[in-house]
Each structure stands twice: as C-alpha cells, then as structure tokens.
Amino acid sequence: MKTEQNILVAFVLNLCFSIFEFVGGVLTGSIAIASDAVHDLGDAASIGISYLLEKKSKRPSNSLYTYGYARFSVLGGIITTLILLVGSVVVICSAVQRIFAPVELNYGGMILFAVVGVGVNSCAAFFTRGGHSFNQKAVNLHMLEDVLGWVMVLCGAVVMHFTDFALLDPIMSICVAVFIFANAVKNLTGAITPLLEKVPLDVDTEQIKQQLEQLDGVLDVHHIHLWTLDGQTNCATVHLVTDGDPHLIKLAARQVLSGFHIGHATLELESPGEPCPAVQCPTVSACTHRHHHHHH
C-alpha cells in the first residue's frame, strides 16, 4: 500500500532527523532548533502510531469489527494531533522563559542546521502529500509545519547573523507553535466528527429526506440516521413507508443515497398501515412525529 510506505518513509526521516536536531539545538544554543527537535520527536512517535493504525484500518471487516477497521485511521489522526497540541504548548512555555533569560547563540551553526532541515522535511512532506484520511492529513500537516518551521529558522538565523537580535529566536518558535496549535485544533474537530456519530460534512439530511420523499411510491420517510466511518465511507439507515414494488423502491432509494457518497445503506420498508416501532424513538429530529400519519 503506497500511503503506508510513504508514512513509513516519513517516520524514518523524522526519527533520524530529530536526533540530529537535539544535537544541533545543544550545539547552537537555539531554542527554535531545540523546540523543533521536541516537535519532530513527537512527529516521529505519532507517525509511528499513524503507520500502525493506518495499516490496521485497511483490514477487511470481520465478526468483531463488522464495519471494518476504518476508525483506526481516525484514531491515528486524533493521537497524532493531541501529541502536536501538547508539543506546541511545551514549546511556547520554554520560548517564553527564553525571552526573559536570553542565551548566547551560534548563528552560523543555526543557518547550517536550518538548510539541512528545510531539505529533509521537504522530502518528507513530498512523500506524505495527497492523503485522504484524517490520519494521512495529520501526518502531512506535520511535515508541512516542519518545512515551515525550518524556513523560518533559516530566515531568522540569517537576520540574527547580521543584526545580533537574539530575541528573534524564541519569538519565531512561539509563532510556529501557535500556527501548529491552530491547525491541530482544526484537524482534531474534523477527526472527532466520526467518533461522535455526527452527520458527515458533505451530507445534508433534509435534502436526502426530500429526495427520497419525491420517489414514486414512497409515502413517507422517517428514522433517517447518517454517519461516517472515517470521513470517507458514509453509512445510512432509513425507514420508507411505501405501497409500491419493494424492489424498485430500494433501487431508487439506493440511487439517491449513492449521490451523497453513501455506500453502506440499510433500508427498512413499511406498508402504509403498519405501526413503526421507532415512533417512540428519543431522537425527535430523526423521526419528526408529524410524518407518522398511521391509519389504524
């Protein structure tokens, strides 16, 4: 699987690189480089987790995981993102301390490390681009931030080399950390959507209801439930009241649902007089009671 190999390449690059950075941070005295090392180590760890979970997420469904393992990928994205959030908070704290207690920096060394940093991370970002799962997006987000962080360290080191304005170092690391934090929060909200069984972003419940109600032979549509396994695979269950040919109705309904990227659809057909056992269901919005005109 291509995506998994790419995640693995990124993992190896990052792990070796974070060790290289710790050394760099110590030698040059730069908090921006040292904080990048913390960040990269976090990246390497989370990419390792992502790799394992992405691999697991591709496994076929079985009697225990009847929906398959797609959510493992979401889990990978969440863990990766949480590591990033914690990492950026740590970086911000240490940078703030550094502002009050400045340290002697080796600008030449910083420039050298930053050039290598931009190179290595550009490779890693290139390898992880184009993923669709929350997990792959989280990994690629890491890589892009790393490139960004290093470009910034490079520019900062050059500026400091000529101006000797050492405060720039902690200020830069704070900026990068805030940027990472903001993106991670955005990624986290996206990944939490499937866990909370929230309707996927590109699906409109009302629209589906209207389109199903317009089908020939469908008298009423209720009890619609929509969810997503991993942000890509969507599922639905629907009750249709109909007096038409069940076979044709199902075909037509599945057609409508596939237009909303719903592959996993379970349809329950009821005849007009049949009391729906779900009328008492607590989710009032899912089965608006006005639609239950049952003739007893």
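The values are calculated or read from the model by the stated rules, or taken from the named source; none is laboratory data. Please read these numbers as outputs of a predicted model, since none were measured by experiment. Because the Cβ atoms are built from the backbone with ideal geometry, glycine has one as well, and the counts that use them run over all protein chains shown.
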* Asked: How many of the residues in region 86-124 are at pLDDT below 80, among the small types (G, A, S) and under 19 Å from A45 (Cβ atoms)?
  -> 1
* Structure fact -> Among the residues of region 188-227, the number that are under 14 Å from the mean Cα position of the chain (by Cα) and assigned to a helix (DSSP H, G or I) is 8
* Structure fact -> For region 123-148 the number of residues that are part of a helix (DSSP H, G or I) and either in contact with a Ser or Thr (Cβ under 8 Å, 6 or more places away or on another chain) or of a type in the set (A, V, I, L, M, F, W, C) (or both) is 17
* Structure fact -> Of V185, V178, the only residue that is modelled with pLDDT of 85 or more, more than 12 Å from the chain's Cα centre (by Cα), surrounded by fewer than 16 Cβ atoms within 10 Å (Cβ to Cβ) and in the same structural domain as A10 (by TED's automatic domain parsing) is V178
* **region 47-82, residues that are β-branched (V, I, T) and either touching a strand residue (DSSP E or B) at 6+ places or on another chain (Cβ under 7 Å) or surrounded by fewer than 16 Cβ atoms within 10 Å (Cβ to Cβ) (or both)** => T66
* Asked: Of (1) in contact with a Gly (Cβ under 9 Å, 6 or more places away or on another chain); (2) outside the structural domain of C276 (by TED's automatic domain parsing), Q211 satisfies all except one. Which?
  -> (2)
* Of the numbered conditions (1) outside any strand (DSSP E or B); (2) under 28 Å from the mean Cα position of the chain (by Cα), T237 satisfies every one except a single condition; which is it? -> (1)
* Asked: If we scan region 21-33, do we find a residue that is under 19 Å from the mean Cα position of the chain (by Cα) and either in a helix (DSSP H, G or I) or at pLDDT 80 or above (or both)?
  -> no
* Candidates L85, L148, L144, filtered to the one that is free of Cβ contacts under 8 Å to residues at least 24 places away in the same chain and surrounded by fewer than 20 Cβ atoms within 10 Å (Cβ to Cβ) -> L144
* Please work out which one of (1) outside any helix (DSSP H, G or I); (2) buried (at least 22 other Cβ atoms within 10 Å of the Cβ); (3) among the hydrophobic types (A, V, I, L, M, F, W, C) is the condition V103 fails and give its number. => (2)
